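The values are calculated or read from the model by the stated rules, or taken from the named source; none is laboratory data. Everything numeric in this text was worked out from a predicted model, so none of it was measured. Neighbour counts are summed over all protein chains in view; Cβ atoms, including those assigned to glycine, are modelled from backbone coordinates with ideal geometry. These area figures cover heavy atoms from the full protein model, side chains too; ligands, DNA and RNA do not enter into them. Shrake-Rupley method; radii C 1.70, N 1.55, O 1.52, S 1.80 Å.
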Amino acid sequence: MREPEGHYRQLVESAVDYGIISCDTQGRVTAWNEGARRLLGWDQEEALGQPIHRIFTPEDAAAGVVEREFEQARRAGRATDERWHVRKGGDRFWASGELMPLEHEGGALRGYVKILRDRTEQRLSAARVHELNEHLEASQARLNAALEDLRYLAQASAELASLTDYQSTMDKIAHLSLPRFGDWCSVEILTPSGELDRVSLAHVDPARERAAKAANLRTGPRSPSVNAGAWTVIRTGRSLRIENVTPEMLEHSLQGRDDAGTVRMLGLRSYLGVPLSTHGKTFGVISFVAAENPRRYTDEDLELAEDLARRAAVAIENAKLLSTLQESDRAKDIFLATLAHELRNPLAPVWNGLAIIKVQPDDPARVRDIAGMIERQVAQLARLVDDLLDVSRITTGKIELKKRRTDLLDAVRGAVETSRPHIDRAQHELVLRLPDEPIELIADPVRLGQVFSNLLNNAAKYTPAGGRIEIDVEREPQRAIVRVRDNGSGIAPEKLDQIFTLFTQVTHPAHRTEGGLGIGLSLVQALVRLHGGNVEARSAGHGQGSEFIVELPRAAAPAPAPQAHPASTPAPGRVPEPVMQQAAQPQRQSRMILVVDDNHDAADTLAELIRMMGSAAEVAHDGLSAVEAVSRLQPDIVLLDIGLPDINGYEAARRIRALPGLAQPRLIALTGWGQEQDKRMAEEAGFDEHWTKPVDPQRLQDLAG
């Protein structure tokens with residue numbers, strides 16, 4: 001560039017918006033205008049003679065950027081660039097620059113002129129725009145992915161909602177996941193016995209899926225002792241994501257597996273396991289595996305998989321409920337058919353017998369025989385009705401046991417005698433093994449006999465003629481065990497969990513030679529539980545016989561009997577005779593008993609009976625009056641009804657227990673509510689005991705005495 005010296009100097013001084021810097025061929029500054037001072041911060045005196053390199057960043061200067069610009073300007077007459085530069089204080093700014101060579105009049109190179117313009121704001125604005133664009137693109141991508149996920153989940157929900165069959169639901173869950181979630185998907189459900197049962201397996205390649213199913217390939221360990229994969233999900237109830245499956249992890253998960261070699265060949269890369277849960281309980285696991293697929297599971301994958309699992313769990317629960325309803329409906333139909341069959345069997349001979357009597361009314365022997373037959377058939381009908389009523393009473397909580405100290409061996413012997421006709425008719429061998437000493441229980445002997453006769457009748461019914469039935473009674477320190485075994489038709493393993501369900505039939509009634517409503521074992525279980533015991537069914541399968549094990553709590557050793565005249569022992573079921581003597585000759589009133597019942601007749605008659613037994617009695621008819629009477633009378637015992645008109649008996653008990661400075665009475669809930677839940681609520685409210693109405697006179701005598 002050739003310009004007259006004066007004109008050039010004037011141009012440089014006037015361009016205050018530009019930094020104009022001249023330097024010699026060695027890069028030393030020879031001119032520095034006001035614009036350069038404003039832009040770079042150095043005064044002219046500080047800049048002159050200094051290397052132009054210092055206005056460049058250290059990394060650019062070290063990389064030879066200045067020398068390359070000089071070379072380009074010499075060759076092309078100018079060099080332009082945009083880059084970061086450095087101010088006096090070290091701050092960086094973005095500037096556009098143009099470098100031109102300066103020549104003498106003769107054309108010899110005498111230096112360069114650098115023109116800089118601050119472009120920092122433009123640079124930052126462009127960066128912000130670029131950043132915003134990238135953010136918008138990323139947001140759009142996330143939105144598209146979210147929409148795609150929603151479409152996928154909506155489709156999955158729609159397809160799952162259309163299914164009603166349990167197995168079809170499981171298979172659909174597995175196949176809905178592929179290929180979106182990788183190469184493999186399995187659904188495993190926790191069985192009642194505590195194992196993981198693989199109910200469905202899917203692969204992106206149908207051929208490989210068929211091969212895996214044929215080989216019974218599992219996707220996780222069956223043993224709960226292995227702390228890996230699906231079992232970790234089951235134990236914690238939380239999802240498990242393994243982004244990279246290492247060889248060590250894989251080997252740990254394969255411990256004890258017979259298909260370990262096959263699993264190694266799959267080349268597992270990434271694992272995702274999510275729980276199947278409803279109502280806060282985990283009942284299964286969906287496992288996703290990436291093998292050939294190079295993907296690695298992310299948190300986003302996990303979130304989507306958990307959403308799918310929640311929908312799948314609802315679908316599985318709905319399928320189970322529908323299956324249960326269908327099974328219940330089927331059981332109801334079988335029960336109704338069986339009931340009709342069982343009613344017609346005795347009605348037919350009764351009807352025929354009546355017809356015979358009409359034809360031959362004057363044959364006393366014939367009428368006598370027919371009357372005996374009718375009596376037997378009516379007794380059978382009565383037993384059917386009694387069983388049905390017992391079921392109704394148990395299911396509604398209205399059955400009441402008449403418990404007393406009972407010898408278990410007597411109950412078993414009585415049941416044997418009751419069932420002997422059925423056993424003898426089928427020519428079965430009966431083996432009875434009883435201990436030498438009595439086994440005392442607090443039980444209802446009639447209901448206990450019903451339990452064992454039902455089990456014996458069942459054994460006789462389902463054992464082919466000439467079979468063997470065994471009864472073993474064992475004594476343990478805290479309990480008694482009764483085992484009823486037979487070598488009959490047995491029970492299928494899948495039926496063992498259902499055998500005590502109401503109206504359950506092991507086989508369809510049309511396929512059996514013996515009758516029955518399918519309620520006997522349900523009654524057995526209910527009555528045993530009412531006695532505080534447990535009953536269990538065992539069988540190796542069809543044709544392998546059955547065993548029913550009844551466990552019952554033994555009674556505590558009785559307290560020493562008080563010395564009394566034999567006449568003071570009351571006959572069962574009636575008011576003790578001493579009551580009448582006490583009524584005639586009042587004795588010392590040893591206890592104060594408060595009776596609380598909103599039924600005035602019930603409260604007054606009970607109080608009168610207590611007075612006849614020699615104790616003082618007062619009456620209250622609501623909860624608040626009861627609390628006041630306890631505070632005022634300070635009774636020894638309170639017989640407190642639960643259903644009261646103001647506050648209920650539970651609340652009254654809590655208030656009585658909270659009365660200050662009071663010797664607390666013995667609180668007894670006397671009520672018609674007798675289920676286990678009612679007893680538990682009474683205990684929680686502060687009652688000492690729970691009695692059901694009507695109260696046994698002997699029990700009342702013990703209380704008042």
### Query
In the full protein assembly as shown, how much of SER328 is accessible to a 1.4 Å probe, in Å² to the nearest 10?
70
### Task
Taking the Cα atoms of segment 448-494, report the difference between the largest and smallest coordinate on each principal axis, in whole Å and largest first.
36, 25, 17
### Task
Mind grabbing the accessible area of HIS542 for me, 1.4 Å probe, Å², rounded to tens?
130
### Message
If R₀ is 51 angstrom, what is the calculated FRET efficiency for the pair ASN534 and ALA127, using the beta carbon separation as r and rounding to 0.05?
### Response
0.10
### Task
Between ASP472 and GLU306, with labels modelled 7 Å along Cα→Cβ, what's the label distance in nm to one decimal, could you check?
5.2
### Message
Rolling a 1.4 angstrom probe over the protein chains, ignoring ligands and nucleic acids, what is the accessible area of LEU102 in square angstrom, nearest 10?
### Response
10
### Query
Can you give me the relative contact order of segment 15-113 as a percent, contacts being Cα pairs under 8 Å and 6 or more apart?
25
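What order do ARG483, ARG420 take when sorted by accessible area (1.4 Å probe), most exposed first?
Of ARG483, ARG420, the descending order of accessible area is ARG420, ARG483.
So how do HIS279, HIS85 rank on accessible area, 1.4 Å probe, biggest first, that is with the largest at the start?
Descending accessible area places them as HIS279, HIS85.
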### Task
For ARG538, ARG119, ARG310, ARG198, write out the residues from largest to smallest accessible area, computed with a 1.4 angstrom probe and no ligands counted.
ARG310, ARG538, ARG119, ARG198
